[in-house]
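Peer 1: Handing you a structure now.
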Amino acid sequence: MFFGRVSFDNLTGPNTNPIKPFSIPVFGVSYIDRQRNLAFDYSRAATKRLTMETMFSITRTTPSFVDNKPNRSRSEVQRQSL
């Protein structure tokens, strides 16, 4: 018997600390995560009591973190620090 599976998952969202469930989501880190998974399975019955099985899987994930703070010029930062 042969089995194969391909899955795609695109995750986005703020990543907050799971230990602190009441944390403010504004302070979380925004991310985009593209996940790909490929799996194969081959099994056969050699005898009545013996089954042989081979499994193979590859998972690829490419996370990227997005800066959700606006870019400010140097003069704006200096004015706010005064």
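Peer 1: Using the basic label-point model (7 angstrom from Cα toward the beta carbon), what is the ASN37 to PHE2 distance in nanometres?
Peer 2: 2.2
Peer 1: Let me ask something additional. Can you give the extra length, in nm with one decimal, that the chain gains between PHE56 and ASN10 once fully stretched, where that is 0.36 nm per residue apart less the Cα-Cα distance?
Peer 2: Numbers: separation 46, 0.36 × 46 = 16.56 nm, distance 2.25 nm.
Between PHE56 and ASN10, full extension yields an extra 14.3 nm.
Each value in this text was obtained by applying a stated rule to the coordinates, not by laboratory testing. Since the model is a prediction, treat every value here as computed from it, not as a measurement. Backbone-built Cβ (ideal geometry, glycine too); neighbour counts: all protein chains shown.
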